[in-house]
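Student: There's a structure below that I have some questions on.
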Amino acid sequence: MAPRIILIGPMGSGKTTVGKHIAMDFGITFRDTDEMIVSQSGREISEIFIEDGEEAFRKLEKIILRTALLEDETILALGGGACVSIDAQSALRASGAFIVYLKISLSQVSSRVGFNQGRPLLMGNPRQQWQTLMNERAPIYEGVANYVVEVDNRSVADIVTEIGIAYELRGKGIENG
Ligand code: S3P
């Protein structure tokens with residue numbers, strides 16, 4: 001078994017907020033790889049990056065992803081880089097979960113990730129860093145996802161409804177995205 005729905009996408013796309021709402025609607029558990037890393041390591045993401053470096057963070061993230069993919073009846077949100085490695089992409093595809101990419105533009109995201117200390121990869125020039133990561137990762141998000149939802153200028157309720165409908169249709173064997 002695997003999570004029911006997995007949310008992927010860049011920093012600031014709303015994976016955690018949307019995921020919590022979907023989980024509430026379904027009456028099941030919400031999981032988030034970043035939160036799992038924080039609770040397991042007892043440290044904030046930024047502390048791990050600063051003290052141990054990105055490579056150490058990615059190792060932890062890989063272990064957490066493996067654990068999270070084994071849990072069923074959950075809605076799982078992934079950190080923006082958690083689906084990037086080839087191994088992660090294969091594991092996600094093999095999981096059988098409904099994988100949804102939350103697609104957002106730089107103009108919409110910039111107010112959300114602007115000066116957030118909790119996002120070490122955006123330190124320095126957040127907008128430019130975000131766009132650079134997106135240029136590399138957008139093809140991966142598109143390639144791994146079963147469904148893409150555009151989140152620009154949309155309410156959380158609207159996004160949650162669209163994902164719920166897409167999930168139900170997929171259960172009936174109808175591809176719609
Ligand atoms: C990262 C995204 C972050 C967090 C870490 C690295 C990334 O998660 O995992 O700062 O590589 O894009 P969110 O996407 O939940 O902000």
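Student: Is the C-alpha gyration tensor of the stretch 38-112 telling us rounded, prolate or oblate? Criteria: a/c under 1.5 is rounded; beyond that, a/b larger than b/c is prolate, otherwise oblate.
Tutor: Taking the square roots of the gyration eigenvalues as a ≥ b ≥ c, the stretch 38-112 is oblate.
Student: May I ask you to evaluate 6.51 cos²θ - 1.76 cosθ + 1.60, the Karplus curve with θ = phi - 60°, for each residue of the stretch 82-95 and list the ³J(HN,Hα) values in order in whole Hz, giving x for glycine and proline?
Tutor: Along the stretch 82-95, the couplings run 6, 9, 7, 5, 4, 4, 5, 4, 5, 4, 5, 4, 6, 5 Hz.
Student: Given a 1.4 Å probe, how much area per residue of the chain is accessible, in Å²?
Tutor: Here the residues of the chain average 50 Å² of exposed surface.
Student: For the chain, what's the relative contact order in percent, using C-alpha pairs closer than 8 Å and at least 6 residues apart?
Tutor: Taking the mean separation of contacting Cα pairs over the length of the chain, I get 31 percent.
Student: What value, in deg cm²/dmol to 500, does the helix sum -39500 (n - 2.57) over DSSP H runs of n ≥ 4 give at 222 nm once divided by the residues of the chain?
Tutor: So the helix-based figure for the chain works out to -17500 deg cm²/dmol.
Student: If you don't mind, there's one more thing I want to ask. Among the lysines, select those whose C-alpha is under 27 Å from the C-alpha of Lys172, and discard any that sit fewer than 8 residues away in the same chain.
Tutor: Within the straight-line cut-off, Lys172 pairs with Lys15, Lys20, Lys103.
Student: Going 7 Å from the Cα of Glu73 in the Cα-to-Cβ direction, what parts of the stretch 1-42 have a backbone nitrogen less than 19 Å from that spot?
Tutor: 1-6, 20-32
Student: When the chain is fully extended, how far beyond the present Cα-Cα distance does Ile63 get from Val38, taking 0.36 nm per residue of separation?
Tutor: Full extension of this stretch gives 7.7 nm more.
Student: Where both residues lie in the chain, what percent of DSSP beta bridges are antiparallel, nearest 5?
Tutor: Here the antiparallel bridges make up roughly 0 percent for the chain.
Student: Express in nm, to one decimal, how much length is gained between Ser107 and Asn125 on full extension, taking 0.36 nm for each residue of separation and deducting their alpha carbon distance.
Tutor: Here the segment from Ser107 to Asn125 would lengthen by 5.0 nm.
Student: Another question about this same structure. If you stretched the chain out fully between Ala94 and Ser46, how much longer would it get, using 0.36 nm times the residue separation minus the C-alpha to C-alpha distance?
Tutor: Taking 0.36 nm per residue and subtracting the Cα distance, the gain is 14.2 nm.
Student: Something else now. Leaving ligands, DNA and RNA out of it, report the carbon-plus-sulfur percent of the accessible area of the chain at a 1.4 Å probe.
Tutor: The C+S portion of the solvent-accessible surface of the chain is 52 percent.
Student: Residues of the stretch 57-91 with backbone nitrogen within less than 11 Å of a virtual label 7 Å along the Cα-to-Cβ line of Glu136, please, listed as ranges.
Tutor: Answer for the stretch 57-91: 81, 84-85.
Student: Please report the Cα spread of the chain along all three principal axes, rounded to whole Å, starting with the longest.
Tutor: Rounded to whole Å, the extents work out to 47, 34, 28 Å.
Student: Something else now. Please build a GNM for the chain, connecting alpha carbons under 10 Å apart, and tell me which residue among Leu121, Leu76, Leu92 fluctuates the most.
Tutor: Leu121
The values are calculated or read from the model by the stated rules, or taken from the named source; none is laboratory data. Because the structure is predicted, anything quoted here is derived from the model rather than measured. All Cβ positions, even for glycine, are placed from backbone atoms using ideal geometry, and neighbour counts span all protein chains on display. The area values use the complete protein model at the heavy-atom level, side chains included, leaving out ligands, DNA and RNA. Shrake-Rupley method; radii C 1.70, N 1.55, O 1.52, S 1.80 Å.
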